[in-house]
Every structure is written in C-alpha cells, then in structure tokens.
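The values are calculated or read from the model by the stated rules, or taken from the named source; none is laboratory data. Everything quoted here is computed from the prediction, not taken from an experiment. Cβ placement follows ideal geometry from the backbone for every residue including glycine, while neighbour counts extend to all protein chains displayed. Surface accessibility is based on the protein's heavy atoms, side chains included, excluding ligands, DNA and RNA. Shrake-Rupley method; radii C 1.70, N 1.55, O 1.52, S 1.80 Å.
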Amino acid sequence: MQKIEFTKMHGLGNDFVIIDRRSKKIEINDNLIQKLSDRRTGAGCDQLITINDPKKNDVDVSIDIFNPAGDKAEACGNGTRCVAKILFDENNEKETLKIISDAGTLIAKKAGDDISVNMGKITTDWKKIPLIKEMDSLNIPIHVEGFDKGVAVNIGNPHIVFYGKSIEDVDLNAIGPMVEKHHFFPNKTNVEFIEVVNSNTIKMKVWERGAGVTLACGSGACAAVYAGWKKKLIEKNSQVQLEKGSLNINIDDDEAIMIGPAEISYNGYIEI
C-alpha cells in the first residue's frame with residue numbers, strides 16, 4: 001500500500017486536489033483520480049492537478065489537470081493560481097512564475113494577497129475553438145431560453161458563453177450537459193451563463209466540461225469577459241462575480257489576465 005500526500009486547495013470554491021510529483025514519482029491512474037475526486041469517499045474536488053518537473057529549461061514547473069473521470073483538461077485558471085501559491089510559498093522572493101500546461105506556458109505573478117495569471121491568447125476562430133464547421137462564432141445557433149446566441153471562445157480550452165437578463169433560474173444540471181456535448185463541439189465545451197450588472201461587472205454560472213457544476217472557473221471568467229467585450233456589452237476590464245467571490249479580468253491585446261485568490265484548505269494523504 002502506497003501513502004500519497006496531497007494538498008486540498010480552492011479558488012473561490014473551485015476546488016482541487018494537488019499532488020506534487022517533483023520529488024516523488026507517483027503513478028497517476030484513473031483509480032487514484034476517481035478515489036481522490038469522489039466527494040463521499042475521497043477528498044473531493046473539481047479537478048486533480050499534478051505538479052511535475054519542468055518540461056523546458058525556462059519554466060518553473062509543468063502541470064497536468066485531470067477531471068474526476070480521469071480525462072485531461074488543457075487549462076485551468078483557478079488551479080494554476082493554486083499551484084502558483086504553493087510555489088510562491090516555497091520561495092517568498094519569487095515574483096513571477098512560468099507554469100506549463102497542455103494549453104501552453106502561463107505566467108503567474110503576485111498581486112498583493114491575490115495572484116494574477118496571464119492565460120494567454122484568446123480566439124474566436126472557429127477552427128481553433130474547435131467547431132465542427134465554419135460558422136459565426138459570435139452567434140452560435142444554440143437556443144437557450146432567456147439568453148442570446150452563444151459566443152464560442154478558445155482560451156487553451158473551448159467555451160461557449162451565453163448572455164441573458166438573469167442567471168438566477170438557470171438549471172445548469174439540465175442545460176449544461178446538453179450544450180457541453182452539442183455536436184457543434186467535437187471536443188465538447190465548457191458552458192457559461194452571464195448576467196450584466198453594469199459595464200464593468202457581470203455575474204456568472206458555469207458548467208465545466210468533464211466536471212459539471214462548479215462554483216468558479218477562471219478560464220470561463222476570461223472567456224465571459226472576452227465574449228462580452230467582443231459583443232460590446234461590457235468593458236474589456238471587468239469583474240466577474242461568482243458564488244463565493246469575484247475574479248478581475250483584464251483583456252489586453254487579445255490576452256486575458258486573471259486576478260483572484262488561492263487558498264489552502266488542508267494537507268492530507270491517502271493510502272492506495
């Protein structure tokens with residue numbers, strides 16, 4: 001039986017089990033992921049993240065992100081902030097980190113008590129999202145009552161963003177999986193529902209691909225602000241209000257910079 005140590009963390013309630021594999025080469029398999037991710041029999045999390053030795057000389061670490069079923073996610077903004085907090089706590093003199101994921105190299109910086117992450121380039125190019133065929137990515141013809149046509153975005157992973165008058169009564173468990181698996185998205189998609197508060201503030205609910213309903217989604221918040229800015233509904237520097245707090249998103253030259261908290265819940269271990 002192997003004892004595997006982990007850190008339970010969250011960014012605004014979007015929670016993660018993080019395993020550091022830099023000094024101990026732990027095998028990550030579906031059984032371990034599913035056992036740790038289960039909220040009744042394990043630690044419970046939206047995603048499991050491993051910290052690995054860097055794949056390149058000019059980055060600090062690489063990370064792998066796993067959904068509870070064992071499939072991989074390319075990017076995770078809240079998870080990247082959590083990993084960055086671990087690394088900043090290890091070395092207080094560090095001000096900037098380079099963290100590589102399947103979506104590319106992400107830049108994390110200290111921002112007072114919070115952490116900022118440059119999530120990289122955002123695009124609405126239908127091939128890069130990807131969509132199954134060419135269509136107007138700012139007006140995806142998927143009907144959701146009370147919401148405009150969706151905006152399809154890629155920010156290292158695919159998203160579709162729906163703007164409407166109110167998100168209060170959105171049934172994520174009914175609508176989320178239907179949109180996630182819509183045939184327009186060959187790789188499936190994350191789904192965000194947005195309500196405009198004012199020109200610099202929105203409210204968001206999210207259904208994450210492979211994870212379901214989550215309390216927050218960093219890449220989703222970036223996608224939401226970018227979509228709203230492209231549709232001229234909000235400014236490119238906006239606050240995204242979620243159930244347990246807010247993220248601040250700045251769009252600069254089609255790159256998204258996300259600022260928000262990252263907190264350690266506890267350290268633990270599992271024997272498997």
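Can you give the Rg/Rh ratio of the chain, where Rg is from the C-alpha atoms and Rh is the Kirkwood radius?
0.96
Using the heavy atoms of the protein chains and a 1.4 angstrom probe, tell me the accessible area per residue for the chain in square angstrom.
Numbers: 12310 Å² over 272 residues.
In whole numbers, the chain has 45 Å² accessible per residue.
Where does each of 214-222, 162-170 land if you order them by average Cβ count within 10 Å, highest first?
Ranking the peptides 214-222, 162-170 by packing returns 214-222, 162-170.
Given only helices, namely DSSP H runs of n ≥ 4 each adding -39500 (n - 2.57), what is the per-residue ellipticity at 222 nm of the chain, to the nearest 500 deg cm²/dmol?
Theoretical 222 nm ellipticity from helices: -5000 deg cm²/dmol.
Using the structure shown, list the pairs from K56/K94; K8/K110; K128/K165; K98/K203 with a Cα-Cα distance above 23 Å, or answer none.
K128/K165; K98/K203
How far is helix 218-230 tilted off the main Cα axis of the chain, in degrees rounded to 10, range 0 to 90?
20
Highest first, please rank the peptides 178-187, 113-122 by the mean number of other Cβ atoms sitting within 10 Å of their residues. If you can, show how the numbers build up before the last one.
On the way: 178-187: 15.7, 113-122: 19.8.
Peptide ranking by packing, descending: 113-122, 178-187.
Only Lys, Arg, Asp and Glu count, each charged at its Cβ (+1, +1, -1, -1), so figure out the dipole size of the stretch 114-272 about its Cα centre, rounded to 20 debye.
So the dipole magnitude of the stretch 114-272 works out to roughly 420 debye.
First obtain the Kirkwood hydrodynamic radius of the stretch 1-98 from its Cα pairs, then insert it into the Stokes-Einstein equation at 20 °C and 1.002 mPa s, and state the resulting D in µm² per second as a whole number.
Working: Rh = 13.8 Å.
Answer from the Stokes-Einstein relation: 155 µm²/s.
For helix 77-90, report the angle its Cα long axis makes with the longest principal axis of the Cα atoms of the chain; keep it between 0 and 90° and round to the nearest 10°.
The angle comes out at about 30 degrees.
Say a paramagnetic label sat at a point 7 Å from the Cα of A69, along Cα to Cβ; which residues of the stretch 203-233 have their backbone N under 18 Å from it?
Counting backbone N atoms under 18 Å from the label point, the list is 207-214.
Can you pull the one-decimal nm distance between simple spin-label points at Y266 and Q2, each 7 Å off the Cα toward Cβ?
Output for this residue pair reads 2.4 nm.
How are the alpha carbon pair distances in the stretch 147-272 distributed across 5 Å bins from zero to the largest one, expressed in percent?
Values per bin, smallest distances first: 2, 11, 22, 24, 18, 12, 6, 3, 2, 1, 0.
Can you tell me the Rg and Dmax of the stretch 209-272, counting just the alpha carbons, in angstroms?
Over the stretch 209-272's Cα set, Rg and Dmax evaluate to 15.0, 52 Å.
If you line up the Cα atoms of the stretch 93-165 on their principal axes, what length do they span on each, largest first, in Å?
50, 30, 13
What's the extension gain from K165 to I132 if we count 0.36 nm per residue and subtract their Cα-Cα distance? Mind dumping the intermediate values first?
Working: separation 33, 0.36 × 33 = 11.88 nm, distance 2.89 nm.
Here the segment from K165 to I132 would lengthen by 9.0 nm.
Treating only the Cβ atoms of Lys and Arg (+1) and Asp and Glu (-1) as charged, compute the dipole magnitude of the chain about its Cα centre; round to the nearest 20 debye.
The dipole of the chain has a size of about 320 debye.
Could you give the nm distance between label points at S23 and K110, where each point is 7 Å from its Cα heading toward the beta carbon?
My value for the distance between the label points is 2.2 nm.
Using mean Cβ contacts within 10 Å as the protection proxy, how do 44-54, 90-100 order, highest first?
On the way: 44-54: 20.8, 90-100: 13.4.
Top to bottom by mean Cβ count within 10 Å: 44-54, 90-100.
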